[in-house]
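The values are calculated or read from the model by the stated rules, or taken from the named source; none is laboratory data. This structure is a prediction, so every number in the text was calculated from the model and none was measured. With ideal geometry, Cβ positions are generated from the backbone for all residues, glycine too; neighbour counts draw on all protein chains shown.
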Amino acid sequence: MSSSLSPTMSLTSLALESMAAVASATPNFTSPLLNASLADSPDTGPPVPLPTPSRHVNAVVGFMIGLGIVTLASIMNAAGLNLTKLDHVRTSAIPKASRRKDWLRPLWLLGMILYILSQLIGSTLALEYMRAEYVAPLGSTSLIFNFLFAKFLVNTPNIPFGTYNLFRARSS
């Protein structure tokens, strides 16, 4: 593909040349419109391979690394949410006139940083090591860690057996 536009080359032929380069580097790419228009365009040379993501030698090791990343991201997620909640609970006991802004309170700031990092880094890194079919359901482990952090960090009261008691109370 040429890097500059020559006086004899039109924008249409440049676009067709770009599409040809992508089509030749992309496996199983078929387009009747592109194939018909490529018959009139000049040869673009050898195909340029697209960069592929790195694959790991051992799938089991990759899965274990991905599992560790997802678990760590879930812990960071739950810790961040519960630290911000703990900060709000502590701040609510202070009169409104003497409260500081959210971003000036260290506990709130730490909680937000943990939460944002878990969202940005967790799934992105885990997808390098695991398939998305495994990453998404394993992300639900943050519910378990959220329950534990809420109980032991914020001292949130938990209902024994959860919705089981709710259904049992309605049926009797």
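Laid out as a table, the results:
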| item | result |
| --- | --- |
| Filter result (in a helix (DSSP H, G or I) and within 13 Å of the chain's Cα centre (by Cα)) within the range 138-160 | LEU138 |
| Some residue of the range 48-58 being at pLDDT 80 or above and under 26 Å from SER140 (Cα atoms) | yes |
| Test: residue in the range 124-135 that is closer than 24 Å to LEU67 by Cβ and not in a helix (DSSP H, G or I) | yes |
| Filtered residue count, the range 97-143, keeping only those that are β-branched (Val, Ile, Thr) and without any contact (Cβ under 8 Å) to a residue 40 or more places away in the chain | 3 |
| Number of the exception - PHE167 against (1) at pLDDT 90 or above; (2) farther than 21 Å from VAL89 by Cβ; (3) not small (Gly, Ala, Ser) | (1) |
